[in-house]
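Just below is one structure, and these are the notes that go with it.
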Amino acid sequence: MKVSIITVVRNNVTTIKYAIDSVLNQTYENIEYIVVDGASTDGTVEIVKSYGDKISKFISEKDKGLYDAMNKGVKLATGNIVGILNSDDFYIDEYVIKKVVKEFKEKQVDSLYADLVFVKPENLSKTVRYYDSSYFSPEKFAYGWMPAHPTFFVKKDIYEKYGLFKTDYKIAADYELLTRFLAKNRITYSYLKEPIVKMRMGGASTSGIKSNYILNKEIIKACKENGIDTNWLKVLSKYPKKILGLFKR
């Protein structure tokens, strides 16, 4: 079973190596690694090129934003399963993809997700918050809950059947896509009960009052587009559980 992993990056010379190494160090051998760069000018391109043919496919060109770049990666993917690893994130150990494939084979599902830990950029061993995806069920989309997207793996033919990321979203196109896949079209899924990705705090959807307002506004939009009844009160009710994640480390 071939796994395509996509990393999208633009001007992230400080952390891209962590993401790349975490993929290349996987013990599972049948991995296609695709890096999509948005015409970086800070040395990111040189770092990616230094890995040579260890990177299966690499493109560097201007794009229309994060989700446009992700769509480019998905279109390039030839694996049975597709996963997306952000350039600020990295797999927690070298056995992640092996476990993912084992779960797909045993459960015979369309998709899989797991837990994630947020870490401090200056101390990658320090867990700030634990993202417990076990809270999730398709009904929870109405309350602003989704599985941790960096832990989400899905069969390539699901993208072909139900579509790619919507580029009119600024922050929550991943939320909309998961809503469309898991709630509207009811693809099958399995939950891997362990953390498989470490995410640095400070991304577009993890910091700032303004970004959280945009995120929640787009979550409501995503739900409405996919036939899910929700409102601001329901979506904001997710925050007490997020606070509990500060204590689960």
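Details
- If the condition is being under 30 Å from K155 (Cβ atoms) and either assigned to a loop (DSSP other than H, G, I, E, B) or touching a Lys or Arg at 6+ places or on another chain (Cβ under 7 Å) (or both), then segment 116-136 contributes V117, F118, V119, Y130, D132, S134, Y135, F136.
- Residue in segment 105-121 that is surrounded by 16 or more Cβ atoms within 10 Å (Cβ to Cβ), without any contact (Cβ under 8 Å) to a residue 60 or more places away in the chain and of a type outside the set (F, W, Y) present: no
- Residue match in segment 41-53 (condition: at negative phi and within 17 Å of the chain's Cα centre (by Cα)): no
Condition check ((1) more than 15 Å from D89 (Cα to Cα); (2) in contact with a helix residue (DSSP H, G or I) (Cβ under 6 Å, 6 or more places away or on another chain)) across all residues:
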| position | (1), (2) |
| --- | --- |
| T7 | no, yes |
| T27 | yes, yes |
| V45 | yes, no |
| I59 | yes, no |
| K62 | yes, no |
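- Only one of K198, K156 that is under 28 Å from D93 (Cα atoms), out of contact with any His (no Cβ under 6 Å at 6 or more places or on another chain) and surrounded by fewer than 20 Cβ atoms within 10 Å (Cβ to Cβ): K156
- The condition (being at pLDDT 95 or above, touching a Phe, Trp or Tyr at 6+ places or on another chain (Cβ under 6 Å) and either of a type outside the set (A, V, I, L, M) or buried (at least 20 other Cβ atoms within 10 Å of the Cβ) (or both)) is satisfied by just one residue among N226, N185: N185.
- Exactly one residue out of P195, P147 is in contact with a Leu (Cβ under 7 Å, 6 or more places away or on another chain), within 26 Å of N25 (Cβ to Cβ) and assigned to a loop (DSSP other than H, G, I, E, B), and it is P147.
- In segment 23-42, the residues that are outside any loop (DSSP other than H, G, I, E, B) and touching an Asp or Glu at 6+ places or on another chain (Cβ under 8 Å): V36, D37
- Of the residues making up segment 37-90, those that are of a type in the set (A, V, I, L, M), over 16 Å from V154 (Cβ atoms) and touching a Phe, Trp or Tyr at 6+ places or on another chain (Cβ under 8 Å) are V48, I55.
- Scanning segment 44-102 for residues that are among the polar types (S, T, N, Q), within 15 Å of R10 (Cβ to Cβ) and free of Cβ contacts under 8 Å to residues at least 60 places away in the same chain yields T44, S60.
- Members of segment 150-175 that are in contact with a Ser or Thr (Cβ under 8 Å, 6 or more places away or on another chain) and either in a loop (DSSP other than H, G, I, E, B) or of a type in the set (G, A, S) (or both): F152, I171, A172, A173
- A19 meets each of the listed conditions (1) within 19 Å of the chain's Cα centre (by Cα); (2) in a loop (DSSP other than H, G, I, E, B) apart from (2).
- Residues of segment 56-99 that are in a strand (DSSP E or B) and of a type in the set (A, V, I, L, M): I59, I81, V82, I84.
- The residues listed here are N80, N123; of these, the one that is at pLDDT 95 or above and of a type in the set (S, T, N, Q) is N80.
The values are calculated or read from the model by the stated rules, or taken from the named source; none is laboratory data. Please read all numbers here as calculations on a predicted model, not as lab measurements. For neighbour counting, all protein chains shown are included, and Cβ atoms are generated from backbone atoms with ideal geometry for every residue, glycine included.
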